[in-house]
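Heads up: the structure comes next, in structure tokens.
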Amino acid sequence: LSMLHHKGSIPHPHRLSAAFTSKLTDVIEKNNERKSHDLRRLSLITVSDSRSSKDSSHGSLQEVLDHAVLAETPTDPYLIQENKYPFLRNLRTDEDIGDGLWICCYCHHENTLRHWKGPFPFKYIHCDRCTRILCSSCHSSEVLTPWPYGMISAPRPAPGREVRYCHVCVVCGLSHRAEMEGTTLDFYGVTCSGCGITSYGDWPRFHIGNVEPYRRDPDPSFVKLIEARVDDAVKLAFQWELASVESRPPSRLSCRSPG
Ligand SMILES: [Zn+2]
Ligand SMILES: [Zn+2]
Ligand SMILES: [Zn+2]
């Protein structure tokens, strides 16, 4: 919790190499813009909450996290009927299963994921057992689908919907919803609201995928995730084989398979 009270700061230019400086100016400008934007956003939330005192800037992040509302709609009964054992599936609530799970690559603990509305879609992503932060080697269900660094174009979210891409601070594990301009995703120059470190676009990125497959069959098992990955690899190999038979350029296929 002590991390929550750490104030964000912009790294001093003198501490960084000269090669960085020109780029850094842009980043700092961007950060300042973003910071004032975030502060406005936070103060809006703070003002609307009668319990908060006006000078509690330290408390703002915690307040945003505490008052976050779940983003995904409750499980539709038809999904439960599609389960192999609808009766058993019916015994489990959305609160119980969450929106997905991730397997810690270090201790293999299964952690539940919940998608929240607002700027921190999964709040802090720490392993419940070993407290390590989710990293790009951890496995997760569709709601947190690894997103390759090169891909910065994506369809706009539907009107009134939030961007379904996020990245996770490598220092404190706070997840940040990506910003979007048109169809371009922006993962750069974000100052972590949790620990104050700045992302130069290097945090692990994720697409916030469809929760239905998991909600249909939430059986949380490491084997299932591993099998899914093996399955993907087999399908991909098959596609490549087809492609070479039909002598299509393989680059078209490589776009389809970010995993
Ligand atoms: Zn762990
Ligand atoms: Zn990991
Ligand atoms: Zn952080």
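The values are calculated or read from the model by the stated rules, or taken from the named source; none is laboratory data. Treat the numbers as computed from the prediction; the structure is a model and nothing was measured. Quick reminder, even Gly has a Cβ in these numbers, built from the backbone with ideal geometry, and neighbours come from all protein chains shown. When the accessible area is computed, the model is the full protein with side chains, heavy atoms only, and any ligands, DNA or RNA have been set aside. Shrake-Rupley method; radii C 1.70, N 1.55, O 1.52, S 1.80 Å.
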Expected field for residue 153, accessible surface area in Å² at 1.4 Å probe radius, rounded to 10, holds 80 Å²
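Cβ under 12 Å from residue 144's Cβ, residue 144 left aside: what net charge do those residues give with Lys, Arg +1 and Asp, Glu -1? Intermediate results must be reported in sequence, preceding the final value.
On the way: positive: 114, 164, 205; negative: 99, 142.
Overall, the nearby charge balance is +1.
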Computed log₁₀ I(q)/I(0) - Debye formula, equal Cα scatterers, no solvent, the stretch 87-191, q 0.11, 0.12, 0.21 Å⁻¹
-0.38, -0.45, -1.18
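Leaving out ligands and nucleic acids, and using a 1.4 Å probe, what accessible area per residue does the stretch 60-136 come to in Å²?
On the way: 4340 Å² over 77 residues.
On a per-residue basis, the stretch 60-136 sits at 56 Å².
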Not counting ligands, DNA or RNA, and with a 1.4 Å probe, what is residue 117's accessible surface area in Å² rounded to the nearest 10?
110 Å²
With DNA, RNA and ligands ignored, accessible area of residue 136 (1.4 Å probe; Å², nearest 10)
100 Å²
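Run through the stretch 111-190 and list the chymotrypsin sites (Phe, Trp or Tyr not before Pro) located in a DSSP loop whose Cβ has at most 16 other Cβ atoms within 10 Å. Show your work: numbers first, answer last.
Working: sites: 116, 122, 124, 149, 165, 187, 188; in loops: 122, 149, 187.
Here the sparse-neighbourhood loop sites are 149.
Less than 9 Å Cβ to Cβ from residue 185, Lys/Arg counted +1 and Asp/Glu -1: what total charge do the surrounding residues give?
After counting each charged neighbour, the total is -2.
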Heavy atoms only, 1.4 Å probe, whole protein assembly: order 72, 162 by accessible area, highest first.
162, 72
Using a cut-off of 14 Å between beta-carbons, work out the net charge of the residues near residue 205 (Lys and Arg +1, Asp and Glu -1, residue 205 not included).
-1
From highest to lowest solvent-accessible area (probe 1.4 Å; ligands, DNA and RNA excluded), 151, 180 read 151, 180
